[in-house]
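Colleague: Quick one: structure below, then a few questions.
The values are calculated or read from the model by the stated rules, or taken from the named source; none is laboratory data. Keep in mind it's a predicted model, so treat the numbers as computed, not measured. Cβ coordinates were reconstructed from backbone atoms using ideal geometry, including for glycine residues, and neighbour counts include every protein chain displayed. In case anyone asks, the SASA skips ligands and DNA or RNA and just uses the protein heavy atoms, side chains included. Shrake-Rupley method; radii C 1.70, N 1.55, O 1.52, S 1.80 Å.
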Amino acid sequence: MNKLLTTLFVFFLSLASMAQNPVNRLGIKENLEFNKMDYKLSWSAKPNENYLIQEYLPKGENFESFNQMLTIHLFITDINAEGAVNQKVNELIARRKTDPICNYQVTKSPDGKEYLVDFLLSESKDSMLTVVEFNLYRYKQIEIPKRGKALFVYAYSKRGYGNDITAFFKALDNDRISYLKEMISTNIPNVTIENK
């Protein structure tokens with residue numbers, strides 16, 4: 001039993017260490033800007049050899065109650081953007097059965113190589129909304145030196161909580177188009193996978 005507790009303790013210590021010292025495996029800047037706000041690399045993971053993720057938060061925010069976050073998902077695969085978007089849409093259609101707020105829109109770039117998916121999610125407790133989340137995902141297939149094709153997903157998330165949800169929806173009504181324009185005009189950073 002003591003050995004199990006020791007193993008769990010070491011595991012949770014390593015998780016805490018990762019949160020405090022995220023590893024930049026994508027060779028991307030550790031500070032990003034979106035919609036005139038600065039975001040700092042705050043968490044990273046490598047769930048497997050072909051999937052890497054990095055999350056960026058504004059100064060002073062944390063994962064338990066963040067208001068805004070940027071996330072980069074990198075899938076080393078030859079699946080194209082359209083195939084990945086179809087998977088996401090199917091996931092959102094399934095979620096609609098249990099999440100009445102869930103809604104989405106897909107926008108395709110004129111050249112057909114990139115897609116934007118913006119969608120709403122929510123969580124409730126005792127029939128009351130507790131969290132609503134607006135997400136904007138940009139999908140693009142890229143080429144990585146020495147690794148080949150990969151799917152790059154650049155994601156922006158914005159949340160509203162409890163009593164602020166009504167104000168969140170009003171602001172989103174005004175701001176959604178500017179978020180879309182910002183995401184479209186954002187330069188996709190060059191990825192250089194670091195073996196860390």
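Colleague: In debye to the nearest 20, how big a dipole does the chain give about its Cα centre with +1 on each Lys and Arg Cβ and -1 on each Asp and Glu Cβ? It would help to have the intermediate numbers written out before the result.
Modeller: On the way: 25 positive and 23 negative charges, 71 e Å.
Charge dipole, the chain, about its Cα centre: 340 debye, nearest 20.
Colleague: Per residue of the chain, what 222 nm ellipticity follows from adding -39500 (n - 2.57) for every DSSP H run with n ≥ 4, rounded to the nearest 500?
Modeller: Working: 3 runs with 55 residues, N = 196.
Only helices count here, giving -9500 deg cm²/dmol.
Colleague: So for the chain, averaging the separation of alpha carbon pairs under 8 Å that are six or more residues apart and normalising by length, what relative contact order in percent results? Display every interim value, and only then the final one.
Modeller: Details: 333 pairs, mean separation 39.2, N = 196.
Relative CO of the chain lands at 20 percent.
Colleague: Please give, to one decimal in nm, the separation of the simple spin-label points placed at ASP111 and ASN24, each 7 Å out from Cα toward the Cβ.
Modeller: 2.7 nm
Colleague: Evaluate the distance, in nm, between pseudo-label points positioned 7 Å from the Cα of TYR51 and of ALA94 along their respective Cα→Cβ axes.
Modeller: Result: 1.3 nm between the two label points.
Colleague: With +1 on the Cβ of every Lys and Arg and -1 on the Cβ of every Asp and Glu, and nothing else charged, how large is the dipole of region 58-165 about its Cα centre, in debye rounded to the nearest 20? Walk me through the numbers on the way to the answer.
Modeller: Values: 15 positive and 14 negative charges, 64 e Å.
Roughly 300 debye for region 58-165.
Colleague: Using the heavy atoms of the protein chains and a 1.4 angstrom probe, tell me the accessible area per residue for the chain in square angstrom. Mind dumping the intermediate values first?
Modeller: Details: 11840 Å² over 196 residues.
Counting only protein heavy atoms, the per-residue value for the chain is 60 Å².
Colleague: To continue, here is another question. So if R0 is 30 Å, what FRET efficiency would ASN62 and ASN35 give, r being the distance between their Cβ atoms, rounded to the nearest 0.05? Walk me through the intermediate numbers first.
Modeller: Working: r = 20 Å, r/R0 = 0.66.
With a Förster radius of 30 Å, E is 0.90.
Colleague: In square nanometres, what is the average projected area of the Cα convex hull of the chain? Let's see the in-between values first.
Modeller: Details: hull surface 54.8 nm².
The orientation-averaged projected area of the Cα hull of the chain comes to 13.7 nm².
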